[in-house]
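This report concerns only the one structure given below.
The values are calculated or read from the model by the stated rules, or taken from the named source; none is laboratory data. Values in this document were obtained by computation on a predicted structure and should not be read as measured data. When we count neighbours, we look across all protein chains shown, and the Cβ atoms used for this are built from the backbone with ideal geometry, even at glycine. We work out accessible area using only protein heavy atoms, side chains counted, and drop any ligands, DNA or RNA first. Shrake-Rupley method; radii C 1.70, N 1.55, O 1.52, S 1.80 Å.
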Amino acid sequence: MMRKVIVTGNWKMHKTACEAVELVTALKPLLEGVATVEVAVCPSFTSLQAVHAALEGSAIGLGAQNMHWEAEGAHTGEISAGMLLASGCSYVILGHSERRQAGESDEMVHRKLVAALDSGLRPIVCVGETLEEREAGRIEEVVLGQVGRALGVLSDETVATMVLAYEPVWAIGTGMTATTAQAEEVHALIRGYLAERLGAETAAALR
């Protein structure tokens, strides 16, 4: 099965709305006519609507860096799926390691994942181990545990529509980089796990 490659830029806490528009305005002509790769950018919340307008006429998708699982309520500082959709988003990053280190649990990632799928957003769920966990030989335990708890009892059809991003925590902001072989090793572990749990077809379809 041929899976279409997806490349997503997480801008983290960078760029004002004006700077974000300048960046995507420069990016658009560079990607014009590129149809073999799916591309999305994930700026900060305050830039979403401006970037959405600037992306008009291009194939570049728009995503957010996080969301809450509730549709509305007393959740100061949080953003709902409906707010993201109204801002033009098609994607949302969930479970980023920086969020996990700030206290986000697998249960919270699961609830966000369900809410994103129910709303029609395409979730990009991040999983990955720390350096200590890698050196202790716990890659499979940690990563597959994160995958399993994030998915919960979601159906295979639902799981096939999302994206899983292997994001080794030890390679973020450290100057260290995961090799292609290291990434492919973890991808194979995840795909094997999903094949046993949800079937080979779903495992092959998931990006």
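What to note about this one:
- In nm, spacing of pseudo-spin labels at Ser58 and Glu196 (7 Å Cα→C-beta vector): 4.3 nm
- Amide H contacts of Arg122: Tyr91, Val92, each under 5 Å away and 5 or more positions distant or on a separate chain (H built 1.01 Å from N in the peptide plane; Pro and chain starts excluded).
- Neighbour net charge for Val21 - beta-carbon separation under 14 angstrom, K R +1, D E -1: -1
- The orientation-averaged projected area of the convex hull spanned by the Cα atoms of region 104-144 comes to 3.2 nm².
- The string of couplings for region 93-106 from the Karplus curve (6.51, -1.76, 1.60, θ = phi - 60°) is 7, 10, x, 4, 4, 5, 6, 5, 5, 8, x, 6, 8, 4 Hz, one whole number per residue in order, with x for Gly and Pro.
- Its Kirkwood hydrodynamic radius, worked out from the mean inverse distance over all distinct Cα pairs, puts region 1-51 at 12.0 Å.
- Helix 17-31 and the long axis of the chain differ in direction by around 70°, with both axes built from C-alpha atoms.
- Taking 18 Å as the straight-line reach from the Cα of Lys12, the aspartates and glutamates in range (excluding those fewer than 8 positions away in the same chain) are Glu22, Glu78, Glu98, Glu104, Glu167.
- Per residue convex hull volume, Cα atoms of the chain, in Å³: 133 Å³
- Local electrostatic count at Thr161 - Lys and Arg +1, Asp and Glu -1, tallied over other residues with Cβ under 15 Å: -1
- Bridging of Lys15 to lysines at a Cα separation below 25 Å is possible for Lys28, once same-chain residues fewer than 8 apart are set aside.
- Scoring 18-24, 35-41 by mean Cβ neighbours within 10 Å over their residues and listing the highest first yields 18-24, 35-41.
- Annotation: amide H of Glu38 within the under-5 Å range of Val5, Ile6, Val7, sequence separation 5 or more or interchain, hydrogens built in the peptide plane.
- Computed from backbone phi with θ = phi - 60° and the Karplus coefficients 6.51, -1.76 and 1.60, the 3J(HN,Hα) list for region 119-124 is 7, x, 6, 8, x, 10 Hz; x is used for glycine and proline.
- Computed packing ranks the peptides 176-185, 160-169 as 160-169, 176-185, most packed first, by mean other Cβ atoms within 10 Å.
- Rounded, prolate or oblate (a/c below 1.5 giving rounded, otherwise prolate when a/b exceeds b/c) for region 78-120 by Cα gyration tensor: prolate
- Taking the protein heavy atoms of region 57-104 in the context of the full set of protein chains, the accessible area attributed to carbon and sulfur is 49 percent at 1.4 Å.
- Stokes-Einstein diffusion for region 54-175, with the hydrodynamic radius set to the Kirkwood value over Cα pairs and evaluated at 25 °C in a medium of 0.890 mPa s, equals 161 µm²/s.
- The residues of the chain expose on average 52 square angstrom of accessible surface per residue, using a 1.4 Å probe on protein heavy atoms.
- Packing rank of 54-60, 125-131, 68-74, where each peptide gets the mean count of other beta carbons within 10 Å, highest leading: 125-131, 54-60, 68-74
- Calculated over region 106-207: convex hull of Cα atoms, volume per residue (Å³): 102 Å³
- 0 to 90° range, to nearest 10: angle between helix 139-151 axis and the chain longest Cα axis: 60 degrees
- Label positions at Thr174 and Glu19, each projected 7 Å from the Cα along the C-beta direction, are separated by 2.7 nm.
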